[in-house]
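Novice: Below you'll find the structure I mean.
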Amino acid sequence: MLALPRIFAIALNTYREAARARLLLGVFALSLATCAYSLVIAALSLGNEARVVADLGALSFSLYGVVVAVVLGSTSLYRELEYKTIFPILSRPIRRWEYLIGKYLGTVLTVFVFVAVEGAAVLSMLAVETGQAAWRVAALGLGSVAAIAIAWWRAPTQARIFVVIPWAVVTAGLAWLLANTAPVERQLVTASAMLGVCEVAIVAAVATLFASFSSPFLTAAFTSMIFVIGRSADTLARIPQRVFGAAVSTMGRGLARVVPNLHVYVPPRPLLLGEVAGQPVWAYVGWAALHAIFYATLMLVIGALAFQRRDFS
C-alpha cells in the first residue's frame, strides 16, 4: 500500500507530460477529424448513417489508441534518461519497479482520456444521425466547452491539465445518454471503446517492456511487430501445412500461442451487437479485460526485472 502514492505520482506526471506533447495533440486532432469525416461518409450511404458513424468511430478507437500507446511507451522513459531527470527521481525513496509501473499507468491513463473524449464525439454524432434533438447535442457541446474553460480557469496552474480527466468521463457519460436514440449502435461504440482500452493496455505493457532495456526506435519497431502478429494470431494458428509446409505452419502456431491474441479486441460486428447466440457482449468484454490484465501484468513483471538490472552509466 505504501508504494501506491509513489506510483500514482509518477503516473500523473507521465500523463501531464504526454498531454503537453505536440505530436500526441496532433494525433488527437487527427482522430477527431476522422470522426468528423465519418459524417461525410455517412451522408453518402443509403440509410446506413448510424452504422457508418459507429463503425468508423470503433475503428478510430483502436487505431489511434495503439498509435498513442506505441509513441508514449517508446519515448517517455527514454526522454527521462536523455535529459537525466530520472536520476533525481530514483535517488528518492522509490523503487525502479514502482517508477516503471507509474510510467505505464500514466500511458494507459492518457489513452483512456483520449478514448473518452473521442467516444463522446462519436456518440454525439451518432445521436445527431439518429434523430436526437439538435439543440440537446449543441447544449452538450457548448456546456462541455464552458465547463472545461471554467475548471481550467479556476484550477491552480500545476493542476489544470488534470481537470480534463473527470471532464472527459462526464462528457462521455452525457453523450452516452444522448445517444439513446440508437441503442444498438451505442452498444457497439461503448463495447469497442472498452475493448480498445484493453488492447492499448497490452500494447503499452509491451512497449514498456522493450523500453526498459532498448532504444526508442527498437522499442517502437518491436512493439509494432508484436501488434501486427497479435492481430494476425488467429490466421497464424490456421496456416495450412499443405500450402506453406510444416516448418511455417509450426512457427505460426507457436507465435499464436506466445504472442497475445489482439484479434480478441476487434470482434465481428454481430458479436458487439449481441446477435451471436450464447455470447453476451458484456461477458465477452469482461473476459477480454481479464485477458488484457493477465498479459499486461506478465509484460510488466518481465520489464521490471529487466529495468532493475539496467545500467544507466
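Novice: What is the one condition in (1) farther than 29 Å from Leu273 by Cβ; (2) assigned to a helix (DSSP H, G or I); (3) in contact with a helix residue (DSSP H, G or I) (Cβ under 6 Å, 6 or more places away or on another chain); (4) not aliphatic (A, V, I, L, M) that Phe213 does not satisfy?
Specialist: Evaluating Phe213 over (1) farther than 29 Å from Leu273 by Cβ; (2) assigned to a helix (DSSP H, G or I); (3) in contact with a helix residue (DSSP H, G or I) (Cβ under 6 Å, 6 or more places away or on another chain); (4) not aliphatic (A, V, I, L, M) leaves (2) as the failure.
Novice: Could you pull out the residue among Leu262, Leu290, Leu300, Leu273 that is at pLDDT 85 or above and either exposed (fewer than 14 other Cβ atoms within 10 Å of the Cβ) or in contact with a His (Cβ under 8 Å, 6 or more places away or on another chain) (or both)?
Specialist: Leu290
Novice: While we're here: I'd like the full set of residues that are under 20 Å from Arg269 (Cα atoms), part of a helix (DSSP H, G or I) and of a type outside the set (A, V, I, L, M), limited to the stretch 35-80.
Specialist: Result: Cys35, Ser38, Glu49, Arg51, Asp55, Gly57, Ser60, Phe61, Ser62, Tyr64, Gly65.
Novice: Any chance you could count how many residues in the stretch 276-287 are modelled with pLDDT of 90 or more and either crowded, with 18+ Cβ neighbours inside 10 Å or at positive phi (or both)?
Specialist: 3
Novice: Looking for something outside any loop (DSSP other than H, G, I, E, B), in contact (Cβ under 8 Å) with a residue 40 or more places away in the chain and over 26 Å from Val145 (Cβ atoms) - is there at least one such residue anywhere in the stretch 229-240?
Specialist: No, the stretch 229-240 has no match at all.
Novice: Right, another one. Check Ser224, Ser215 and return the single one that is surrounded by fewer than 17 Cβ atoms within 10 Å (Cβ to Cβ), in contact (Cβ under 8 Å) with a residue 60 or more places away in the chain and under 29 Å from Ala69 (Cα atoms).
Specialist: Ser215
Novice: Considering Gly131, Gly106, which residue is touching a Ser or Thr at 6+ places or on another chain (Cβ under 9 Å) and crowded, with 21+ Cβ neighbours inside 10 Å?
Specialist: Gly106
Novice: Select, from Ala69, Ala54, Ala58, the only residue that is buried (at least 24 other Cβ atoms within 10 Å of the Cβ) and within 14 Å of Ala204 (Cα to Cα).
Specialist: None of the other options fit; the residue is Ala69.
Novice: Do we find that Ile302 is under 28 Å from Leu56 (Cα atoms) and assigned to a helix (DSSP H, G or I) in this structure?
Specialist: No; evaluated as a whole, the condition is false for this residue.
Novice: Let me ask something else. Inside the stretch 126-144, can you point out the residues that are assigned to a loop (DSSP other than H, G, I, E, B) and either at pLDDT 90 or above or of a type in the set (A, V, I, L, M) (or both)?
Specialist: Ala133
Novice: If you don't mind, another one. Quick check: anything in the stretch 268-290 farther than 23 Å from Val184 by Cβ and hydrophobic (A, V, I, L, M, F, W, C)?
Specialist: Yes: the stretch 268-290 contains one or more residues that are farther than 23 Å from Val184 by Cβ and hydrophobic (A, V, I, L, M, F, W, C).
Novice: Would you confirm whether any residue within the stretch 257-270 is without any contact (Cβ under 8 Å) to a residue 24 or more places away in the chain, within 30 Å of Ala54 (Cα to Cα), not hydroxyl-bearing (Ser, Thr, Tyr) and not in a helix (DSSP H, G or I)?
Specialist: Yes, some residue in the stretch 257-270 is without any contact (Cβ under 8 Å) to a residue 24 or more places away in the chain, within 30 Å of Ala54 (Cα to Cα), not hydroxyl-bearing (Ser, Thr, Tyr) and not in a helix (DSSP H, G or I).
Novice: Can I ask one more? Looking at (1) touching a Gly at 6+ places or on another chain (Cβ under 9 Å); (2) in a helix (DSSP H, G or I), which one does Gly252 not meet, given that it meets all the others?
Specialist: (1)
Novice: Please go through (1) within 13 Å of the chain's Cα centre (by Cα); (2) not in a helix (DSSP H, G or I) for Arg92 and return the number of the only condition it doesn't satisfy.
Specialist: Just one mismatch for Arg92, condition (1).
Novice: Also, quick follow-up: Exactly one of these conditions fails for Arg22: (1) in contact (Cβ under 8 Å) with a residue 40 or more places away in the chain; (2) closer than 18 Å to Val117 by Cβ; (3) among the charged types (D, E, K, R). Give me its number.
Specialist: (1) is the only condition that Arg22 fails.
Novice: While we're here: Would you point out which residue out of Ala296, Ala283 is out of contact with any strand residue (DSSP E or B) (no Cβ under 8 Å at 6 or more places or on another chain), under 23 Å from Asp55 (Cβ atoms), aliphatic (A, V, I, L, M) and part of a helix (DSSP H, G or I)?
Specialist: That would be Ala283, the only listed residue that is out of contact with any strand residue (DSSP E or B) (no Cβ under 8 Å at 6 or more places or on another chain), under 23 Å from Asp55 (Cβ atoms), aliphatic (A, V, I, L, M) and part of a helix (DSSP H, G or I).
Novice: Let me ask you something else. Has the stretch 154-170 got at least one residue that is more than 23 Å from Leu30 (Cα to Cα), among the charged types (D, E, K, R) and assigned to a helix (DSSP H, G or I)?
Specialist: Yes: the stretch 154-170 contains one or more residues that are more than 23 Å from Leu30 (Cα to Cα), among the charged types (D, E, K, R) and assigned to a helix (DSSP H, G or I).
The values are calculated or read from the model by the stated rules, or taken from the named source; none is laboratory data. The shown structure was predicted, so the numbers you read here are calculated from the model rather than taken from an experiment. Positions of Cβ are generated from backbone atoms using ideal geometry, with glycine treated the same way; all protein chains shown enter the neighbour counts.
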